[in-house]
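Reviewing the structure listed below.
Taken together, the values in this text are just the output of simple stated rules run on the coordinates, not laboratory data. Computed from a prediction, not measured in an experiment: that's the story for all the values here. Backbone-built Cβ (ideal geometry, glycine too); neighbour counts: all protein chains shown.
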Amino acid sequence: MAPPLSASLLFTLLFAIALVASLGVKFWLASRQMRHVARHRDAVPPVFQEAITPTAHRKAADYTVAKTRFGVLEMAWGTALLLGWTLLGGLDLLNRVLLAWLGGGMLQQLVLLGVFAAIGGLLELPFTLWQTFRLEERFGFNKMTWRLWLTDTAKGLLLGVVIGLPIAALILWLMGAAGRLWWLWAWAVWMGFNMLLMLIYPTFIAPLFNKFKPLDDAALKDRVNALMQRCGFAAKGLFVMDGSTRSAHANAYFTGFGASKRVVFYDTLLRQLNAGEVEAVLAHELGHFKHKHVMKRMAAMFALSLAGFALLGWLSLHTWFYTGLGVMPNATAPNDALAILLFMLAIPVFGFFVAPLPVLVSRRHEFEADAYAIAQTSGADLSAALLKLYKDNASTLTPDPVFVKFYYSHPPASERLARMAPA
């Protein structure tokens with residue numbers, strides 16, 4: 001009789017099977033999307049023929065295929081890096097080098113987290129640059145200069161150090177000092193940190209990257225204020241963001257929490273839509289608040305993060321969790337940073353198989369927000385706005401239905417417009 005497999009080997013096999021299965025499904029979905037979009041490239045769907053030109057439709061198809069093909073390459077590279085960090089021993093080697101240099105302790109753990117992030121960022125940098133300066137540039141969307149990109153990157157790194165290091169140090173300290181229920185205290189700290197970020201982001205962080213100015217179109221401002229008053233919504237201000245300095249894509253969003261909520265319009269959006277269409281888009285966003293979608297998503301985030309911290313707390317106690325992912329745990333030094341990194345690397349592999357569930361909920365929320373917008377404004381304006389945004393953002397009108405179920409957080413244009421059509 002063959003000896004039973006060790007827990008470590010079983011976990012390695014489970015991880016490998018999940019990785020191969022998820023990678024296979026991702027490649028299959030991407031190939032479906034590219035074939036489906038290319039097959040419908042030359043024919044505008046009848047419902048869109050009056051609003052979308054064949055040229056715009058072909059551009060959207062080409063853009064979608066190019067992005068999906070790029071995503072496949074990025075996915076393959078990401079999988080290679082994941083294997084390199086885990087089963088091929090990359091993280092184990094990095095940990096041992098830093099242990100020999102710094103010894104065990106808080107400093108070594110923080111440096112391990114920082115060096116891991118730095119190496120990962122450098123290895124993914126070519127894809128980031130290619131997407132911004134080649135792919136987006138090719139289709140006329142990139143407006144960012146090299147100087148602006150470098151400035152944004154430097155600011156992001158500085159924020160990561162100023163904000164990320166203290167929260168990492170606090171969680172590592174809790175893991176070592178708060179006993180077996182450290183994960184509960186760490187979760188409370190993490191949630192408090194996220195709530196604080198929501199409060200300070202609009203007024204302190206976002207202005208580091210973009211310029212915001214009050215909406216100065218008096219007629220539009222009156223119309224928007226009337227809509228918000230009618231919907232029982234209060235915001236700290238209406239602002240226009242210089243999105244055109246980085247991209248030609250358009251958007252509008254709410255940011256902040258509680259009394260710090262702001263309404264932000266991309267300058268590109270205001271150039272593309274008329275007043276009625278802007279009002280309809282804003283009414284859609286208000287629909288998310290009216291239906292408590294934001295609070296529901298926050299509650300889901302709280303619950304999932306609590307489950308995640310509890311799972312991390314359990315896994316960090318078992319040697320097979322480390323050895324099953326190619327890392328020998330430290331015998332005389334803390335393994336907390338190793339546990340965090342391995343958890344961050346492994347969880348997305350297993351989480352992929354439930355990914356369709358949150359996007360399904362998100363699509364339902366979008367339908368509800370659309371219905372609310374139609375009740376508060378003009379359905380024709382909302383339809384016209386969506387068509388303009390789909391056209392200007394080069395969003396394909398003919399995505400693969402199975403790809404949609406896995407990845408689309410917003411329903412395809414055909415489904416949204418069909419529900420807006422008069423009965």
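Helix 146-159 axis versus longest C-alpha principal axis of the chain: approximately 50°, rounded to the nearest ten. Sequence-ordered 3J(HN,Hα) estimates for segment 35-43 from the Karplus curve with 6.51, -1.76 and 1.60 and θ = phi - 60° stand at 5, 5, 5, 5, 5, 9, 4, 9, 10 Hz, glycine and proline given as x.
Segment 158-194 and segment 351-423 have Cα centres spaced 37 Å apart. Helix 106-130 sits at what angle to the longest principal axis of the chain, using alpha carbons and giving 0 to 90 degrees rounded to 10? Here the helix axis deviates by roughly 40 degrees. Using θ = phi - 60° in the Karplus curve 6.51 cos²θ - 1.76 cosθ + 1.60, the 3J(HN,Hα) couplings for segment 294-308 round to 5, 5, 5, 5, 5, 5, 5, 4, 4, 5, 5, 5, 5, 4, x Hz; x is entered for Gly and Pro. Amide H contacts for V240 (H built 1.01 Å from N in the peptide plane; partners 5 or more residues away or on another chain; cut-off under 5 Å): K213, L215, F265. Among beta bridges from DSSP that stay inside the chain, the antiparallel ones total about 65%. Got the relative contact order for segment 1-118 handy, in percent, Cα pairs under 8 Å and 6 or more residues apart? Over segment 1-118, the number comes to 17 percent. The dipole here belongs to the chain: it is taken about the Cα centre, uses +1 on the Cβ of Lys and Arg and -1 on the Cβ of Asp and Glu, and is about 280 debye.
The base-10 log of I(q)/I(0) for segment 317-391, evaluated at q = 0.25 Å⁻¹, reads -1.08 [Debye formula, identical scatterers on Cα atoms, solvent excluded].
The smallest convex shape that holds all Cα atoms of segment 281-339, its convex hull, gives 111 Å³ per residue.
What the phi angles of segment 369-386 give under the Karplus curve with 6.51, -1.76 and 1.60, with θ = phi - 60°, is a coupling list of 5, 4, 4, 5, 4, 5, 6, 9, 10, 9, x, 5, 5, 5, 4, 5, 5, 4 Hz, glycine and proline written as x.
Per residue, the average separation of C-alpha pairs within less than 8 Å and at least 6 apart gives the chain a relative contact order of 25 percent. Using just its DSSP H runs of length 4 or more, each adding -39500 (n - 2.57), the chain gives a mean residue ellipticity at 222 nm of -22000 deg cm²/dmol after division by all residues.
Database remark: amide H of S247 closer than 5 angstrom to the amide H of K143 (H placed geometrically; neighbours at sequence offset of 5 or more, or on other chains; Pro and chain starts carry no H). Counting only C-alpha contacts under 8 Å and six or more residues apart, can you give the relative contact order of segment 191-331 as a whole percent? Normalised by residue count, the contact order of segment 191-331 is 20 percent. Helix 336-351 and the longest principal axis of the C-alpha atoms of the chain enclose an angle of approximately 50°.
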